[in-house]
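Everything on this sheet refers to the single structure shown next.
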Amino acid sequence: MVSLDFVNTVAFGGLVLFLGHGVRRLLPWLARYNVPAPVIGGLLVAAAMLLARARGLEPIAFDTRLQAPFMIAFFTTVGFGASLSLLKVGGPQVAIFFLVSTVLAVLQNVVGFALALPLGMHPLFGVLNGSVTLTGGPATGLAFAPAFEAAGVPGAATVAVAAAMVGIVSGGLIGGPVGTLIIERYQLRPAGGRRPGDPRPGLPDAPAEHPPLASHIVEDRLDDRPGTAAPAGEDKESYGLLKALVIILIAMWAGSWLGARFTAAGVTLPAYIGAMLVAAGIRNIDDVTGWFGLSQRVIDDLGSVSLSLFLVLALMTLRLWELAGLALPMVVILVAQVSLIALVCWPTFRLMGGDYDAAVMSGGLCGFMLGTTANAMANMEALVDRYGPAPRAFLVVPMVGAFFIDFVNALIITACLNIWT
């Protein structure tokens with residue numbers, strides 16, 4: 001057996017990550033359903049380890065001590081995205097869509113534990129097959145898995161990945177058809193009757209698809225603040241990267257202290273919640289004062305790297321054999337969850353205004369309430385390619401799906417853990 005230390009394990013994980021990217025290129029349907037490259041590569045290694053175990057072998061021993069720091073770093077960057085300035089940019093529709101998504105995340109957990117009990121499972125098994133993995137995706141599922149396992153859910157990490165994969169595929173499959181049904185049922189068309197590729201009135205050279213993400217709009221307005229400039233003689237990009245990295249580490253440091261205070265008070269929290277709260281505080285202070293001159297683009301890039309490495313390390317060591325005996329309860333709960341999200345698209349369409357953009361938002365809702373924001377964007381892109389631009393949908397959905405819902409979902413899950421632990 002080969003034993004890898006923590007540095008070698010991360011290096012091996014990096015190779016596995018690029019293996020996942022290669023497989024996505026070879027099998028385009030994986031990219032079409034937005035299955036992340038770290039998940040593909042990590043599951044391939046986990047499957048190989050399962051086959052080796054069936055033969056009585058354990059070829060590699062991994063040292064995953066850096067898995068938790070990567071996970072905390074990623075969720076810290078999510079905290080930096082919780083900017084009140086984004087809500088102001090998006091207006092009332094962002095607030096309404098955010099409220100709808102929050103209520104749905106709670107309902108997913110209600111449906112989960114309500115079905116888990118008659119199936120003879122722990123209530124938290126239902127929550128794990130609820131907002132943890134569907135609204136949250138594989139990253140949130142794996143991050144919370146140790147807490148769920150400690151609370152009495154065996155094989156929580158394996159269950160989380162399986163549920164998240166079902167959600168990602170389901171969100172990609174039903175979002176487009178649901179949006180199409182609503183558009184055709186009510187004979188909806190884009191404002192002004194414009195079709196894909198048509199120039200917008202008064203903006204002949206502008207792309208017709210959709211505006212930039214709200215986080216970038218806010219950032220562009222803040223680029224001239226004193227804190228954003230690099231010192232004389234410093235490369236601007238390197239300085240911005242260093243500043244973002246140091247601030248993320250400071251938020252993680254302060255977050256660990258805050259988490260310890262919650263633990264001392266008897267409140268069960270995953271390791272990253274304190275860092276998320278500190279990061280959100282820093283973000284909003286900076287929006288008002290401009291003291292730090294944070295670049296959300298750079299923070300998001302660092303978060304993406306941290307997420308990829310966390311996922312691949314977690315999935316390489318997944319114990320796939322733990323799914324035996326859990327398949328039937330998972331199928332029952334997940335069928336109910338997919339049905340729930342499909343059904344609520346119609347009232348969501350009404351709440352969001354009952355127009356064409358609202359119909360496109362409903363397709364996006366299926367994507368990120370069952371899978372990831374990438375699913376939501378893919379669903380909406382498919383709709384606008386056929387029917388025409390929906391600029392309001394492309395402002396509202398990614399703002400909620402990529403920033404706010406992850407933050408609130410973590411608090412909802414934490415509340416469930418404290419109720420049933």
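Derivation of every value follows stated rules applied to the coordinates shown; laboratory data play no part. Not measured: the values here are computed from a predicted model. Please note: Cβ atoms are built from the backbone with ideal geometry, for glycine as well, and neighbour counts cover all protein chains shown.
Using alpha-carbon positions, what is the distance between the centroids of region 292-362 and region 9-62, in Å?
Going from one Cα centre to the other spans 20 Å.
So which residue, out of 270, 92, 391, gets the largest mean-square fluctuation from a GNM of the chain using Cα contacts under 10 Å as springs?
Largest GNM mean-square fluctuation: 92.
What's the Kirkwood radius of region 269-377 in Å, using all Cα pairs?
Mean inverse Cα-Cα distance, inverted, gives 18.0 Å.
Residue 5: net charge of surrounding residues, Cβ under 11 Å, Lys/Arg +1, Asp/Glu -1, itself excluded?
Net of charged neighbours comes to 0.
Net charge within 11 Å of residue 74 by Cβ-Cβ distance, Lys/Arg positive one each and Asp/Glu negative one each, not counting residue 74 itself?
-2
Between residue 323 and residue 95, what FRET efficiency comes out of the Förster formula 1/(1 + (r/R0)^6) with R0 = 45 Å and r the beta carbon distance, rounded to 0.05?
Numbers: r = 39 Å, r/R0 = 0.88.
Given R0 = 45 Å and the Cβ-Cβ separation, E is 0.70.
Expressed in nm to one decimal, what extension gain is obtained for the pair residue 65 and residue 260 from 0.36 nm per residue of sequence separation less their Cα-Cα distance?
My answer for the length gained is 68.2 nm.
How large is the charge dipole for the chain, taken about the Cα centre, if only the Cβ atoms of Lys, Arg (+1) and Asp, Glu (-1) carry charge, to the nearest 20 debye?
Computed charge dipole of the chain: roughly 700 debye.
Tell me, what are the semi-axes, in whole angstrom and largest first, of the equivalent ellipsoid of region 104-198 as set by the roots of 5 times the Cα gyration tensor eigenvalues?
36, 15, 10
Taking 0.36 nm per residue of sequence separation and subtracting the Cα-Cα distance, how much length would be gained by fully extending the chain between residue 346 and residue 245, in nm to one decimal?
On the way: separation 101, 0.36 × 101 = 36.36 nm, distance 4.25 nm.
Length gained between residue 346 and residue 245: 32.1 nm.
What helices does the chain hold that run 15 Å or longer along their axis, going by alpha-carbon atoms, with a Kyte-Doolittle average of 1.6 or more, using DSSP H for the helix calls?
37-54, 92-116, 327-351, 405-420
Full-extension gain between residue 54 and residue 420, please, as 0.36 nm times their residue separation minus the C-alpha to C-alpha distance. Spell out each step's value before the answer.
Values: separation 366, 0.36 × 366 = 131.76 nm, distance 3.51 nm.
Additional length available on full extension: 128.2 nm.
At 4 °C and 1.567 mPa s, what whole-number value in µm²/s does Stokes-Einstein give for the translational diffusion of region 262-301, with Rh from the Kirkwood sum over Cα pairs?
It diffuses with D of about 110 µm²/s by this estimate.
Can you find, among 364, 284, 249, the residue farthest towards the positive end of the dipole of the chain? Put +1 on the C-beta of Lys and Arg, -1 on that of Asp and Glu.
My answer, from the dipole projection, is 364.
So how do 355-367, 1-13, 405-417 stack up, highest first, on mean other-Cβ count within 10 Å?
355-367, 405-417, 1-13
Cα convex hull of the chain: how many Å³ per residue?
Value for the chain: 160 Å³ per residue.
What nm distance separates the two modelled labels at residue 88 and residue 289, each placed 7 Å from Cα along Cα→Cβ?
Spacing of the two 7 Å Cα→Cβ label points: 1.7 nm.
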